[in-house]
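What follows is a single structure, written as structure tokens, with notes after it.
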Amino acid sequence: MKFFSALFTAALFAGASASSVIDLDPSNFDSIVGQGKPGLVEFFAPWCGHCKKLAPIYEEVADAFAHKKGDVYVAKVDADANKELGGRFGVSSYPTLKWFNADGTHEPYESGRDLEALTAFITQKTGVKSSIKPPPPPAYTILDATSFDDVALDPTKDVLVSFTAPWCGHCKNMKPHYEKVAKTFENEGNCIIANVDADDKKNKDLAKKYGVTGYPTLKFFSKDNKEPEAYEGGRTEADFVQFLNEKCGTQRAVGGGLNDLAGRIPAFDELASKLFTAAADLKNAIVEEARQLLTTDAAATAKYYLKVMEKELAGPTSYVQKESARLGSILKKRTLASEKLDEIQIKVNILKAFQEAPKEEQEPEAKSEHDASEL
């Protein structure tokens, strides 16, 4: 029994330690590389810190294409133990990744070293899809050297651009916050959140043009002035939302949606609050004043102020209270499209103006005893 138990344990260990990455050395390199099948080869050194960091990711890459071994391979060479083989391909640092075509011709791999970038590269080169379910596309806009000017320099758009590198730790820490902000601003067609992989070879000149020397570097391109402004604020969602609201003239809330000021118009707020406390015989005059004001303020939300006034004036019961409760319950459920939720939030904000006392009727701040003694 002990014998079979030992065999079983050995079999489990062998299965657990099996790797989809092909180990290459001088004895088998030329029998695999350039023999009619393309592949990605990593030249590494066992002592190299960057190689150790890449190792588990590289294993995942190989596993992602293990179902297509007949079409593509993922391999590695210990270039420290096999210096002649590394020297043959100009390897001078670790890790060095090279793509080998089916005929043995090769090119350097110079993009990201994360799972997504590596698998996307192999799929691009071969048309072979990995077994990994692709992540959803990011909410922010991806720009490169060919698309940058069309978006960032568009005179109708305010654009915040992050220049990042896939391997950068600070960039990885910022990414989830940046993603949340992009989702929050997805309905703002003229306030764009974008990203450039500045480590990608094709974007190197673009990064140099804008003085990118570290990662992440963030720059804001205003629609009024396309000379970029360096963003030097915090990198949390709240920091970004505050900055963009100020620069883009938007009224977005942290966590998504609009803040309590969205849609509000001070002149109409004043009339709405007066209607709240006005005597019955004065309310018609206030509504008429709103109609006159509407001819000079064509904002879409201005029309909603007047609609609410007319409903409140015509109905025997409080339209404002009932409508506020109805729309508030819809907002809590958040089952509608984000655009529709924005519309409802604006209406809820405007309805609040009808429940606020006029400024002149609000209680003044209490004076201190020192102030009172001087009266």
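Somewhere in segment 79-87, is a residue surrounded by fewer than 16 Cβ atoms within 10 Å (Cβ to Cβ), among the polar types (S, T, N, Q) and not assigned by the TED database to the domain that holds K175? For segment 79-87, residues surrounded by fewer than 16 Cβ atoms within 10 Å (Cβ to Cβ), among the polar types (S, T, N, Q) and not assigned by the TED database to the domain that holds K175: absent.
Which pairs turn up if I take residues in segment 209-233 that are in the same structural domain as A165 (by the TED database) and touching a residue at least 60 places away in the same chain (Cβ under 8 Å) and look for partners that are surrounded by 11 or more Cβ atoms within 10 Å (Cβ to Cβ) and part of a loop (DSSP other than H, G, I, E, B) with beta carbon separation below 6 Å, at least 6 apart in sequence or on another chain? Pairs found: F220/Y231; F221/P228; K223/K157; K226/L153.
This table checks each residue for (1) free of Cβ contacts under 8 Å to residues at least 12 places away in the same chain; (2) touching a Pro at 6+ places or on another chain (Cβ under 8 Å); (3) outside any loop (DSSP other than H, G, I, E, B); (4) farther than 28 Å from L40 by Cβ.
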position	(1), (2), (3), (4)
R113	no, yes, no, no
K125	no, yes, yes, no
P136	yes, no, no, no
D154	no, no, no, yes
L160	no, no, yes, yes
F163	no, yes, yes, no
P166	no, no, no, no
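For segment 131-150, the tally of residues that are over 16 Å from the mean Cα position of the chain (by Cα) and open to solvent by less than 30 Å² (accessible area, probe 1.4 Å) stands at 1.
If the condition is being within 19 Å of I142 (Cβ to Cβ), open to solvent by 40 Å² or more (accessible area, probe 1.4 Å) and assigned to a loop (DSSP other than H, G, I, E, B), then segment 189-234 contributes G189, N190, Y215.
Residues in segment 302-318 that are open to solvent by 30 Å² or more (accessible area, probe 1.4 Å) and either part of a helix (DSSP H, G or I) or within 13 Å of L275 (Cα to Cα) (or both): K303, K307, E310, K311, E312, L313, A314, S318. In segment 314-344, the residue that is modelled with the lowest pLDDT out of those that are closer than 30 Å to K180 by Cβ and of a type in the set (V, I, T) is T335. Just to be sure, is F276 surrounded by 14 or more Cβ atoms within 10 Å (Cβ to Cβ) and either assigned to a loop (DSSP other than H, G, I, E, B) or at pLDDT 95 or above (or both)? Considered against the rule, which asks whether it is surrounded by 14 or more Cβ atoms within 10 Å (Cβ to Cβ) and either assigned to a loop (DSSP other than H, G, I, E, B) or at pLDDT 95 or above (or both), F276 comes out as no.
The values are calculated or read from the model by the stated rules, or taken from the named source; none is laboratory data. Everything quoted here is computed from the prediction, not taken from an experiment. As a convention, Cβ positions derive from the backbone with ideal geometry for all residues, glycine included, and neighbour counts pool all protein chains shown. Remember, those area values only see protein heavy atoms, side chains included, never the ligands or the DNA or RNA. Shrake-Rupley method; radii C 1.70, N 1.55, O 1.52, S 1.80 Å.
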